[in-house]
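The values are calculated or read from the model by the stated rules, or taken from the named source; none is laboratory data. Keep in mind that what you see is a predicted model, and the values were worked out from it rather than measured. Every residue, glycine as well, gets a Cβ built from its backbone with ideal geometry; the counts of neighbours run over all protein chains shown. Surface areas here come from the heavy atoms of the whole protein model, side chains and all, with no ligands, DNA or RNA. Shrake-Rupley method; radii C 1.70, N 1.55, O 1.52, S 1.80 Å.
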Amino acid sequence: MIFLSGWLNPTRIIGLTAYLFALAMCVLAWAGGHGTAHQRRLAAVIGVLEAALLLDMALNGRWLLHDLLENESMTRNLYAERAGPQLTTLIFLGVAALAGVGLLLRRFRNRAGAALAACGAILSLTCWCVEVVSLHSVDLVLYREIYGVKPVSLVWTACSLMTGAGILWDMREGNATARMAKGLAETQTASPTDS
């Protein structure tokens with residue numbers, strides 16, 4: 001296998017594969033055309049997010065943003081005091097992620113697949129933010145190499161699997177509901193009317 005100066009390492013391959021899987025499932029759900037407008041819209045919105053995360057993974061966008069923020073803090077002589085604001089930001093992110101998951105579970109309480117997909121997308125976005133913040137103690141856990149792979153790749157994979165499986169589950173439920181409604185309508189029109 002060819003590794004391009006460390007760019008294409010096992011961790012990045014896993015990340016690219018995970019986000020590509022989630023994006024492909026969203027495109028499949030959206031392009032399938034069998035679901036409701038709400039299902040297709042959800043697949044499109046999450047698909048755009050997954051495409052952005054895939055592009056970010058390919059271009060290292062999260063680290064470019066991290067480096068920009070780090071350089072700015074050094075320029076302003078704030079680098080030594082970064083831990084406090086980083087920790088505050090991570091706490092805010094955790095609360096926002098929990099609130100977002102809670103709202104999504106409530107919003108999609110009758111659509112388990114949609115809830116799973118949306119929660120996977122929220123967690124992917126939260127992980128991205130955590131990586132940009134890059135608190136040293138969190139980085140020690142996420143980026144410690146174990147057998148050539150970093151644990152952060154497991155987070156990317158879990159979130160992408162949630163998203164991809166959830167979006168397909170939602171489409172399948174929608175297709176089943178549409179078939180049942182169509183069958184019921186055909187049965188009602190085919191049955192003779194009483195005189």
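Structure summary
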{"quantity": "Verdict on Y147 being more than 18 Å from the chain's Cα centre (by Cα), at positive phi and at pLDDT below 95", "calculated": "yes"}
{"quantity": "Hits in segment 141-171 (condition: farther than 19 Å from L54 by Cα and small (G, A, S))", "calculated": "G148"}
{"quantity": "Checking G61 against (1) under 17 Å from the mean Cα position of the chain (by Cα); (2) free of Cβ contacts under 8 Å to residues at least 12 places away in the same chain; (3) within 21 Å of G166 (Cβ to Cβ), the condition it does not meet", "calculated": "(3)"}
{"quantity": "Segment 125-168 - residue that is aromatic (F, W, Y) and free of Cβ contacts under 8 Å to residues at least 60 places away in the same chain and, of those, surrounded by the fewest Cβ atoms within 10 Å (Cβ to Cβ)", "calculated": "Y147"}
{"quantity": "Of residues in segment 1-53 being crowded, with 16+ Cβ neighbours inside 10 Å and among the aromatic types (F, W, Y), the one modelled with the lowest pLDDT", "calculated": "W30"}
{"quantity": "The one condition in (1) in contact (Cβ under 8 Å) with a residue 60 or more places away in the chain; (2) farther than 21 Å from S137 by Cα; (3) open to solvent by 90 Å² or more (accessible area, probe 1.4 Å) that R111 fails to fulfil", "calculated": "(3)"}
{"quantity": "Condition check for S73: of a type in the set (S, T, N, Q), modelled with pLDDT of 90 or more and either open to solvent by 20 Å² or more (accessible area, probe 1.4 Å) or farther than 18 Å from R172 by Cβ (or both)", "calculated": "no"}
{"quantity": "Counted residues, segment 76-92 - those being among the hydrophobic types (A, V, I, L, M, F, W, C), in contact (Cβ under 8 Å) with a residue 12 or more places away in the chain and open to solvent by 40 Å² or more (accessible area, probe 1.4 Å)", "calculated": "2"}
{"quantity": "Odd one out for L93 among (1) closer than 25 Å to I167 by Cα; (2) out of contact with any Cys (no Cβ under 7 Å at 6 or more places or on another chain); (3) in a helix (DSSP H, G or I)", "calculated": "(2)"}
